[in-house]
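Working notes, beginning with the structure itself.
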Amino acid sequence: MTAETSQTLDRGLRVLKLLADTDHGLTVTELSNKLGVNRTVVYRLLATLEQHALVRRDLGGRARVGLGVLRLGRQVHPLVREAALPALRSLAEDIGATAHLTLVDGTEALAVAVVEPTWTDYHVAYRAGFRHPLERGAAGKAILAARAAAADEPGYTLTHGELEAGASGAAAALIGVTGVEGS
């Protein structure tokens, strides 16, 4: 830690990250051990995070990520979406097919921006907010392929009928965008 950082805020953010990495929540003792701090410190951190709805505790006392993080996270997608719309519009018009930006959300692919071509008589309708497992569909498979491939080997993924009978998909993973995993 440097002089410009806050130890308490750092610990609170570490609590949120630890909770985000578990499906079953963590107890105060488990958090205390993982953070290397006294249980009293963890109680105070959890109480503060609960006041902001960023953490909730179940009846068994296990802490979990709270719904307040959705309000914070919801503000990220519009920024990414707005940045992607010009490229998506151009792509949709050039190829005459629906173009979308899909981001990773846990184990799912989440469409955050969708543009349909204006000049075609027929195209696949795809809606922002649509989710599917990363293992299905071109968008998710492109993301998984990028995870497995070397960074200097950008490629694309083709699928047919995986999300909708008769529909084909083509996707390429986003590369060179730090902190964003998508296609």
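Filtered by the rule that a residue be in contact with a strand residue (DSSP E or B) (Cβ under 8 Å, 6 or more places away or on another chain) and more than 25 Å from Thr107 (Cβ to Cβ), the range 10-61 gives Val28, Leu46, Glu50. Sort through Leu158, Leu144 and tell me the only one that's of a type outside the set (Gly, Ala, Ser), within 16 Å of the chain's Cα centre (by Cα) and not assigned by the TED database to the domain that holds Asp21. Criteria check complete, one pass: Leu144.
Among the residues of the range 19-45, those that are closer than 10 Å to Arg64 by Cα and at pLDDT 95 or above comprise Leu26, Thr27.
Against the definition (touching a helix residue (DSSP H, G or I) at 6+ places or on another chain (Cβ under 8 Å) and open to solvent by 30 Å² or more (accessible area, probe 1.4 Å)), how does Arg71 come out, yes or no?
Against the criterion (touching a helix residue (DSSP H, G or I) at 6+ places or on another chain (Cβ under 8 Å) and open to solvent by 30 Å² or more (accessible area, probe 1.4 Å)), Arg71 does not qualify.
For Ala139, the criteria (1) in the same structural domain as Ala83 (by the TED database); (2) closer than 18 Å to Leu85 by Cα; (3) modelled with pLDDT under 90 hold in every case but one, which is (3). Exactly one residue out of Leu35, Leu59, Leu18 is hydrophobic (A, V, I, L, M, F, W, C) and in contact with an Asp or Glu (Cβ under 9 Å, 6 or more places away or on another chain), and it is Leu18. For the range 51-63, the count of residues that are open to solvent by 40 Å² or more (accessible area, probe 1.4 Å), assigned to a strand (DSSP E or B), touching a helix residue (DSSP H, G or I) at 6+ places or on another chain (Cβ under 8 Å) and modelled with pLDDT of 90 or more is at least one. For the range 129-148, residues that are surrounded by fewer than 16 Cβ atoms within 10 Å (Cβ to Cβ) and under 14 Å from Ser183 (Cα atoms) total 5. Residues in the range 1-31 that are among the small types (Gly, Ala, Ser) and in a loop (DSSP other than H, G, I, E, B) were compared, and the one that is most open to solvent (accessible area, probe 1.4 Å) is Ala3. Among the conditions (1) outside the structural domain of Val112 (by the TED database); (2) assigned to a helix (DSSP H, G or I); (3) open to solvent by less than 70 Å² (accessible area, probe 1.4 Å), the only one that Ala92 does not satisfy is (1).
Is it fair to say Val104 is under 21 Å from the mean Cα position of the chain (by Cα), closer than 30 Å to Ala125 by Cα, open to solvent by 30 Å² or more (accessible area, probe 1.4 Å) and β-branched (Val, Ile, Thr)? Criteria met by Val104.
The values are calculated or read from the model by the stated rules, or taken from the named source; none is laboratory data. Quick caveat: nothing in here was measured; it's all calculated off a predicted structure. Methodologically, a virtual Cβ is constructed for each residue, glycine included, from the backbone with ideal geometry; neighbour enumeration extends over all protein chains shown. What goes into the accessible areas is simple: the full protein's heavy atoms, side chains included, and nothing from ligands, DNA or RNA. Shrake-Rupley method; radii C 1.70, N 1.55, O 1.52, S 1.80 Å.
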